[in-house]
């Protein structure tokens, strides 16, 4: 079952240091761009992933083509892709040994989440860290 309790989500946001942002965009109007800015502003190391932008830089960070291209372990994979891709994304997250899979608003696939959890990956689904972080901070949980 995906994490939903405020204390659990706050624990995730406190423990994470490195985030692979899957579906990163160079377009400032896109949610993935503003969320990447937000996460960087909070001190997270954000590694953008987008095959079409691989090898370029986005907000000062090198863009990778796939999760497997990232040369270091990532604590969390933040997914800005359609839910129909979540099954294959879970497989990539398992291979790169991510500890947490976070899916953005409206990205929901309970079967994929169950596969991730069965492999020891914690799942936060249908939430945005740029919404949750300020809300939990205001509540005194961060």
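Nothing in this text is a laboratory measurement; each read-out follows from the coordinates by a stated rule. Everything numeric in this text was worked out from a predicted model, so none of it was measured. Cβ: placed from backbone, ideal geometry, glycine included. Neighbour counts: every protein chain shown.
Restricting the search to segment 80-103, which residues are surrounded by fewer than 24 Cβ atoms within 10 Å (Cβ to Cβ), closer than 17 Å to residue 16 by Cα and touching a strand residue (DSSP E or B) at 6+ places or on another chain (Cβ under 9 Å)?
Scanning segment 80-103 gives 96, 99, 100.
From the list 7, 29, which one is under 18 Å from residue 137 (Cα atoms) and surrounded by fewer than 16 Cβ atoms within 10 Å (Cβ to Cβ)?
On the way: 29 fails: under 18 Å from residue 137 (Cα atoms).
Exactly one residue qualifies, and that residue is 7.
I'm trying to understand the selection: among the residues of segment 31-57, which are touching a residue at least 40 places away in the same chain (Cβ under 8 Å) and part of a loop (DSSP other than H, G, I, E, B)?
42
Which one is surrounded by the most Cβ atoms within 10 Å (Cβ to Cβ) among residues in segment 10-24 that are within 19 Å of residue 105 (Cβ to Cβ) and in contact with a strand residue (DSSP E or B) (Cβ under 8 Å, 6 or more places away or on another chain)?
21
Mind listing just one residue for me: the one in segment 63-79 that is surrounded by 15 or more Cβ atoms within 10 Å (Cβ to Cβ) and farther than 17 Å from residue 9 by Cα and, of those, nearest to the chain's Cα centre (by Cα)?
Filtering first and then ranking leaves 74.
Filter segment 5-22 down to the residues that are in contact (Cβ under 8 Å) with a residue 24 or more places away in the chain and more than 17 Å from residue 75 (Cα to Cα) and list them by number.
Answer for segment 5-22, where residues must be in contact (Cβ under 8 Å) with a residue 24 or more places away in the chain and more than 17 Å from residue 75 (Cα to Cα): 6, 7.
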